[in-house]
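Step one of this worksheet: look at the structure below.
The values are calculated or read from the model by the stated rules, or taken from the named source; none is laboratory data. This is a predicted model, so every value here is computed, not measured. Using ideal geometry, Cβ is built from the backbone for each residue, glycine included, and neighbour counts are taken over all protein chains shown. With ligands, DNA and RNA removed, areas are computed over all heavy atoms of the protein, side chains included. Shrake-Rupley method; radii C 1.70, N 1.55, O 1.52, S 1.80 Å.
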Amino acid sequence: MKKLIGALIFYARFAVPFSRIGHRRRVRAPLDADFGGQRWVVTGATGGIGRAIALGAAARGATVLALARDGRKLDALVAGAKGPGRIEAVQVDLSLAAELRRVAAAIAASGRVDVLVHNVGVMLHEFGRTEEGVERSFATNLLGHWVLDAALRREGALDARSAIISMSSGGMYGAALSLDELEAPDAGRHDGFLAYAQHKRAQVELTHYWNSLGPDAPKAWVMHPGWVDTDGVRSSLPGFRKVFRRVLRSADEGADTALWLAATRPPVAEGIWLDRQRDPEHAFGFTRSGADARALADWLAERAGRC
Ligand SMILES: NC(=O)c1ccc[n+]([C@@H]2O[C@H](COP(=O)([O-])OP(=O)(O)OC[C@H]3O[C@@H](n4cnc5c(N)ncnc54)[C@H](OP(=O)(O)O)[C@@H]3O)[C@@H](O)[C@H]2O)c1
């Protein structure tokens, strides 16, 4: 009963702003941006929103390194890119720390990165571990972001001119960050939905941590795309999709704010971006009581050290 009431409050509050109606109310003009000469890294770039970000950046002049695991989808993405920029495929399992460190070193060896988009994210209802022994959704949604980011900084590919954009989710409005709930130790304690909300809340805190690293560090922004009709939603939330199908956003609508942030680079401050506007990080009082950014960073550094 408590869960049902919570869900009703959540949907009453967010169904309009997160739908395509909300997008069309707030975003009135197409994005006019020139990313010529920029080098981007986009994770999860063969799927709905990541693909739209990669194509949108290339169409505005960027060279986009598209990180994803499926070679055939990567080939199709590269072939579908329209200039003046271009897309280069980087095949990598984004849930594996060792692969991410290798890829980061290779990226850094050929130059700096202007824009890094931590887009990859999955909601996995079934419990499983990577070959490195990490719960799979945690490895993909959070630990992998941390590892890639840290390796790119260490290798010198990210600097004060770089922008980092993290793709969170409105699902984070339902979670107070709890370090104990980021990675379930076994199947009995894994709830894919709750784990996803935790990872998405953690991305907000991680953005605060990155922005606390001083003037020589890249600036970071966190956003969410609203509700977008993608393969991810089709496979992980089929019931939700059935109900809301008619008002889900297109991938381009979901990607718009990432491209806008990269072009505009507004001052960094508390908040999560949606439809080119800064929204509050908390909608309900109970989500304020969670762990803080520093504790999260220490915890992730320790966890990454074991991979
Ligand atoms: N769609 C929405 O309504 C919505 C709402 C809020 C937030 N978001 C967030 O937006 C982001 C993108 O979502 P989406 O709906 O576009 O997702 P999607 O359709 O599931 O696409 C995800 C992409 O990530 C790739 N990927 C997943 N796991 C990977 C791994 N271990 N290694 C390499 N690549 C991997 C997928 O490749 P494969 O094809 O090989 O699996 C795919 O290219 C996520 O962070 C999600 O949480 C989405």
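Percent of accessible area on the chain owned by carbon and sulfur, 1.4 Å probe? Working shown, then result.
On the way: 7180 of 13780 Å².
Percent of accessible area from carbon and sulfur atoms in the chain: 52.
What residues of the range 22-41 lie in the reach of a label at Asp279, counting those whose backbone N is under 17 Å from a point 7 Å from the Cα along Cα→Cβ?
Output list for this probe position: 22-28.
Under 27 Å between alpha carbons, and skipping anything fewer than 8 positions from Lys82 in its own chain: which lysines qualify?
In chain and number order, the partners are Lys73.
Within the range 49-77, which residues have the backbone N less than 16 Å from the label spot 7 Å out from Glu131 along Cα→beta-carbon, could you tell me?
So the set is 69-71.
For the range 1-130, take N as its residue count and report Rg(C-alpha) divided by 2.2 N^0.38 Å. Intermediate results must be reported in sequence, preceding the final value.
Working: Rg = 18.0 Å, N = 130, 2.2 N^0.38 = 14.0 Å.
Computed over Cα atoms of the range 1-130, the ratio equals 1.29.
Straight distance only, please: which lysines reach the Cα of Lys2 with their own Cα at less than 29 Å, same-chain residues fewer than 8 apart left out?
Cα-Cα hits under 29 Å: Lys200, Lys242.
Under a plain spin-label model, where a point goes 7 Å from the Cα along Cα-to-Cβ, how far apart in nm are Asp159 and Ala98?
It is 3.3 nm.
Cα to Cα, under 12 Å, and not fewer than 8 places away if on the same chain: which aspartates and glutamates meet these conditions relative to Lys219?
Hits, sequence-local ones excluded: Asp114, Asp159.
Subtract the Cα-Cα distance of Leu8 and Asp298 from 0.36 nm times their separation in residues, and report this length gain in nm to one decimal.
Numbers: separation 290, 0.36 × 290 = 104.40 nm, distance 3.57 nm.
My answer for the length gained is 100.8 nm.
Send over the Kirkwood Rh of the range 158-307, from the inverse of the averaged 1/r over different Cα pairs, rounded to one decimal Å.
It is 16.6 Å.
Highest GNM mean-square fluctuation, the chain, Cα pairs closer than 10 Å: which of Phe35, Phe240, Phe14?
Fluctuation is largest for Phe240.
I'd like to compare 281-290, 203-212: which one has the highest average count of other Cβ atoms within 10 Å, and what's the full order after that?
The most tightly packed comes first, giving 203-212, 281-290.
How large is log10 I(q)/I(0) at q = 0.16 Å⁻¹ when the Debye formula is applied to the Cα atoms of the chain, each weighted equally and without solvent?
One equal scatterer on each Cα of the chain leads to -1.46.
Report, in debye and to the nearest 20, how large the dipole of the chain comes out about its Cα centre when Lys and Arg carry +1 and Asp and Glu carry -1 on their Cβ. Could you put the intermediate results ahead of the total?
Values: 41 positive and 34 negative charges, 218 e Å.
Dipole size: approximately 1040 debye.
Sorted by packing (mean other beta-carbon atoms within 10 Å per residue), highest first, where do 154-167, 15-28 land? Provide the component values of the computation, followed by the final result.
On the way: 154-167: 19.4, 15-28: 16.4.
Result, highest mean Cβ count within 10 Å first: 154-167, 15-28.
For Ser250 and Arg72, calculate 0.36 nm times their separation in residues minus their Cα-Cα distance, and state this gained length in nm to one decimal.
Numbers: separation 178, 0.36 × 178 = 64.08 nm, distance 2.28 nm.
Length gained, Ser250 through Arg72: 61.8 nm.
If you roll a 1.4 Å probe over the heavy atoms of the protein chains, what accessible area per residue do you get for the chain, in Å²?
Working: 13780 Å² over 307 residues.
For the chain, the solvent-accessible area averages 45 Å² per residue.
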